[in-house]
Amino acid sequence: MFIQRFFLGALCFSALCSTAVSAFAMDDAQVTTEERTQLLELMDTSREQYLGLIAGTNDAQWKWKPNPERWSVGECAEHILRSNEALFAAAKQALEAPANPEWREKTKGKADLLLTVMPNRRPMGAGGASAPMEIRPSGEPSRQSIIERFTRLYDEIEEFALNTEQPLKAHTTEHPFPVFNTLNAYQWVLYVPLHTVRHSRQMIEVMETEGYPSQ
């Protein structure tokens, strides 16, 4: 009887410890207040910059290209939209997958990497990665359509970032570029405003190039 009670107590203690560790792991995977605040601030500032840059462009400015190999303001704006739609879809895909037990090791330091690398575009994009075909601009959406889709997407992401209580960091999916590899759902969402900033700077480069049409 004593042995039975001993093993039963040991099993209960083990289950309790396992539950406690699991709960701690999920708490650890939550976005912190500081991270949430930073993300929302980046969303606000990147939205304002993007819309401010394209709102006042005329048709000539929207379509003008410094040379055949570089994108126009309109093409940059479309690329930002299509990429951000894909980035948020990747975050959702990560959340649909089971929690990755190796998420800490696999994603350690990646948020800081994104914050460092993404906004710091080199002049003319020198040395940068080429965009996959799926997110390259097609030239088909109108300026108004791009603005409307961008605004809807940002509204959805900001609402998600403000209200989600899911353990975003525990759910991961793979990035096609080896420099990033595994990213968690929080990092995929953080990627969105940073990507907007990066290519808004590309639009500014176009606007500052000699020959850019005047109003």
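The values are calculated or read from the model by the stated rules, or taken from the named source; none is laboratory data. Predicted model, so just to flag it, every value in this text is computed and none were measured. Heads up, the Cβs are rebuilt from the backbone with ideal geometry, glycines too, and the neighbour counts pull from every protein chain shown.
Would you mind stating whether PRO176 is part of a loop (DSSP other than H, G, I, E, B) and closer than 16 Å to LEU114 by Cα?
Values: part of a loop (DSSP other than H, G, I, E, B): yes; closer than 16 Å to LEU114 by Cα: yes.
Yes, satisfied.
Within the stretch 96-110, at least one residue is polar (S, T, N, Q) and crowded, with 20+ Cβ neighbours inside 10 Å.
Only one residue in THR164, THR196, THR182 is within 16 Å of ILE135 (Cβ to Cβ) and of a type outside the set (A, V, I, L, M, F, W, C), so which one is that? From the options THR164, THR196, THR182, the qualifying one is THR196. Taken over the stretch 91-117, residues that are more than 26 Å from ARG136 (Cβ to Cβ) and either touching a Ser or Thr at 6+ places or on another chain (Cβ under 8 Å) or of a type in the set (Val, Ile, Thr) (or both) amount to 5. Meeting the requirement of 1 or more residues that are under 13 Å from VAL197 (Cα atoms), the helices (runs of 4 or more DSSP H) wholly within the stretch 36-121 are 73-96, 110-117. When GLU96 is tested against the conditions (1) at pLDDT below 95; (2) farther than 25 Å from ASP112 by Cβ, the lone failure is (1). Restricting attention to the stretch 44-90, the residues that are under 20 Å from the mean Cα position of the chain (by Cα) and over 19 Å from SER138 (Cβ atoms) add up to 9.
Quick check, is LYS63 in contact with a Gly (Cβ under 7 Å, 6 or more places away or on another chain), surrounded by fewer than 17 Cβ atoms within 10 Å (Cβ to Cβ) and modelled with pLDDT of 95 or more? Talk me through it step by step, then tell me what you get.
Details: in contact with a Gly (Cβ under 7 Å, 6 or more places away or on another chain): yes; surrounded by fewer than 17 Cβ atoms within 10 Å (Cβ to Cβ): yes; modelled with pLDDT of 95 or more: yes.
Yes.
Results for (1) closer than 24 Å to LEU51 by Cβ; (2) surrounded by 17 or more Cβ atoms within 10 Å (Cβ to Cβ); (3) at pLDDT below 95, shown as yes or no for each residue.
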| site | (1), (2), (3) |
| --- | --- |
| ASN120 | yes, no, yes |
| SER130 | no, no, yes |
| GLU140 | yes, no, yes |
| ILE146 | yes, yes, no |
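Note on the stretch 28-55: residues that are polar (S, T, N, Q), surrounded by fewer than 18 Cβ atoms within 10 Å (Cβ to Cβ) and within 24 Å of GLU205 (Cα to Cα) amount to 2. When THR151, THR209 are checked against the criterion of being of a type in the set (Val, Ile, Thr), touching a residue at least 24 places away in the same chain (Cβ under 8 Å), under 23 Å from GLY56 (Cα atoms) and outside any helix (DSSP H, G or I), a single residue qualifies: THR209.
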